[in-house]
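Bear in mind these aren't lab numbers, they're just calculated from the coordinates by the rules spelled out. Remember, predicted model here, so these are calculated numbers, not experimental data. Virtual Cβ from ideal backbone geometry, glycine too; neighbours counted across all protein chains shown.
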Amino acid sequence: MVRSFKLNPKRMKNRENMHEYMDELFGFEDELDAVNLDALNDSLSEVTDPTELIVTPSAVREICGDDYAYTLLLVLGRAAEENPNIEILFRKESEL
């Protein structure tokens, strides 16, 4: 069964919120060892449950307006390229 989440940009804007949010989304068995994007990247490579991350136009605007959130989206995108269990979908709000 595929787990599907609409990304919340407000929870992607700093390290502390990102740490908690990514643990919630991906259900990491062991919490991220460190609150940084390298540790997140390592953890994402081990995701085994099919997971969809939905990004809406309003989320894209908000993410692109924040350097940390933008970098986090890039990390998620790279993880989706490398791990077939992670997929990023861009959807209009009307399609949800």
Worksheet, complete the sentence: With label points set 7 Å from each Cα along the Cα-to-Cβ direction at GLU82 and ASP38, the distance between them in nm comes to 1.3
Response to the item:
Per the 1/(1 + (r/R0)^6) rule, R0 = 22 Å and r from the Cβ atoms of MET1 and LEU89, FRET efficiency to 0.05 is 0.85
Discussion item. Can you compute the modelled spin-label distance between LEU74 and VAL60, with each label point 7 Å from Cα toward Cβ, in nm?
Written reply: 1.8
Worksheet, complete the sentence: Residue-normalised 222 nm signal for the chain, counting each DSSP H run of n ≥ 4 as -39,500 (n - 2.57), nearest 500 deg cm²/dmol, is -14000 deg cm²/dmol
Worksheet item: By how many nm would the segment from GLU24 to LYS10 grow when fully extended, if each residue of separation counts as 0.36 nm and the alpha-carbon distance is taken off?
Response: 3.6 nm
Worksheet item: Over the chain, with a single point scatterer placed on each C-alpha, what log10 of the ratio I(q)/I(0) does the Debye formula yield at q = 0.21, 0.22, 0.23 1/Å?
Response: -1.09, -1.20, -1.31
